[in-house]
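Structure, as structure tokens:
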Amino acid sequence: MLRRLPPLNALKAFEAAARHESFTRAAEELCVTQGAVSHQVKALELELGIKLFNRERQRLVITGAGRDYLTVVRDALDRIAVGTERLMQRQSSGVLTVSTSPDFAAKWLVHRLGRFSESHPEIDLRISATMHHVDFAREDVDLAVRHGDGNWPGHDVIRLSPEQLFVVCSPKLLAGRHRLVRPSDVLKFPLLHLDDRKAWTRWLEVAGVADAEPSQGPVLNRASMVIDAAVDGQGVALARTTLAAWDLICGRLVRPFKDASRLSRTYWIVCPKATSDLPKIKLFQDWLLAEAAHDHRHLQKLGPKAA
């Protein structure tokens with residue numbers, strides 16, 4: 001059933017004029033001219049076939065029919081205003097579901113969630129750690145943080161931070177009898193490997209360590225496990241900037257050498273273009289970027305610490 005509805009601007013002009021008993025004051029409130037308000041009210045009267053105001057001695061006096069209609073219009077406008085406010089509140093608060101990889105969640109995100117929750121108690125944050133790429137059309141996920149080259153067509157994509165690959169170890173290793181002065185010194189320690197031994201082989205070749213056989217040390221299948229083993233002093237690891245940042249800043253890891261390889265793949269904030277401007281999503285994006293910038297400033301100050 002089609003609704004017969006007068007123009008919203010005409011209803012707003014009528015309600016304001018009735019409340020102020022003046023076209024002039026209604027115009028000031030609505031930021032239009034007095035003539036525009038008068039025109040809107042006359043057009044509404046013509047459409048309804050009812051006189052809403054009498055003009056008596058330069059005064060605006062609402063009619064009985066106008067007063068009855070005002071009750072209906074005011075209630076409708078109030079309902080629209082309340083509904084709009086509730087909708088805006090839901091967009092800037094409520095549940096925000098974020099998907100990340102398990103490594104990013106464990107080594108970067110979880111340590112910081114208390115700060116976000118304290119600053120934004122109106123947002124009910126839900127974190128889902130999973131390896132599969134999110135299908136925003138099918139899954140109840142608002143935003144994702146993913147590692148890659150930034151190529152997610154049809155999505156709003158923001159780089160979280162630049163990435164480098166470098167050697168890390170526990171400060172405890174630097175205090176032992178073996179010293180990490182030159183790249184070849186890593187072979188004095190167990191090497192912690194991610195997935196296979198190829199990364200250490202490439203790093204040693206680039207560092208100019210000839211005929212090295214990085215066969216010692218365990219092979220782990222999660223970057224977070226490699227970093228945690230390094231923090232525990234179990235060996236020397238190769239780590240990416242983002243995942244090692246928290247432990248470096250807190251002093252649980254150190255960089256014994258300044259050498260680093262720049263990586264093309266890094267972490268990205270990903271969300272659908274259609275929802276990228278929602279206040280709660282923008283808020284979380286800005287917070288992620290601020291945290292990453294804070295890490296970058298601190299890491300710049302630390303520098304390598306050789307034995």
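The values are calculated or read from the model by the stated rules, or taken from the named source; none is laboratory data. Please read these numbers as outputs of a predicted model, since none were measured by experiment. Glycine also receives a Cβ, built like all others from the backbone with ideal geometry; neighbour counts cover every protein chain displayed. Protein only, heavy atoms only, side chains kept; ligands, DNA and RNA dropped before computing areas. Shrake-Rupley method; radii C 1.70, N 1.55, O 1.52, S 1.80 Å.
Numerical summary
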| read-out | value |
| --- | --- |
| Elements of type strands (runs of 3 or more DSSP E) in the range 1-118, at least 3 residues being more than 40 Å from the chain's Cα centre (by Cα) and either surrounded by 14 or more Cβ atoms within 10 Å (Cβ to Cβ) or modelled with pLDDT of 90 or more (or both) | 59-62 |
| Failed item in (1) out of contact with any Cys (no Cβ under 9 Å at 6 or more places or on another chain); (2) surrounded by 14 or more Cβ atoms within 10 Å (Cβ to Cβ), with L143 passing the rest | (1) |
| Selected residue (criterion: modelled with the lowest pLDDT) from residues of the range 177-235 that are open to solvent by less than 40 Å² (accessible area, probe 1.4 Å), part of a loop (DSSP other than H, G, I, E, B) and closer than 23 Å to R252 by Cβ | L180 |
| Residue among A244, A292, A229 that alone is under 16 Å from the mean Cα position of the chain (by Cα), farther than 19 Å from V181 by Cα and in contact (Cβ under 8 Å) with a residue 24 or more places away in the chain | A292 |
| Lone qualifier among Q300, Q285 - being in a helix (DSSP H, G or I), of a type in the set (S, T, N, Q) and closer than 18 Å to H147 by Cβ | Q285 |
| Single unsatisfied condition, P256 versus (1) open to solvent by 30 Å² or more (accessible area, probe 1.4 Å); (2) over 16 Å from P162 (Cα atoms); (3) modelled with pLDDT of 90 or more | (1) |
| Failed item in (1) loosely packed, with under 13 Cβ neighbours inside 10 Å; (2) in a helix (DSSP H, G or I); (3) among the aliphatic types (A, V, I, L, M), with M131 passing the rest | (2) |
| All positions within the range 152-176 that are open to solvent by 60 Å² or more (accessible area, probe 1.4 Å), of a type outside the set (K, R) and at pLDDT 90 or above | Q164 |
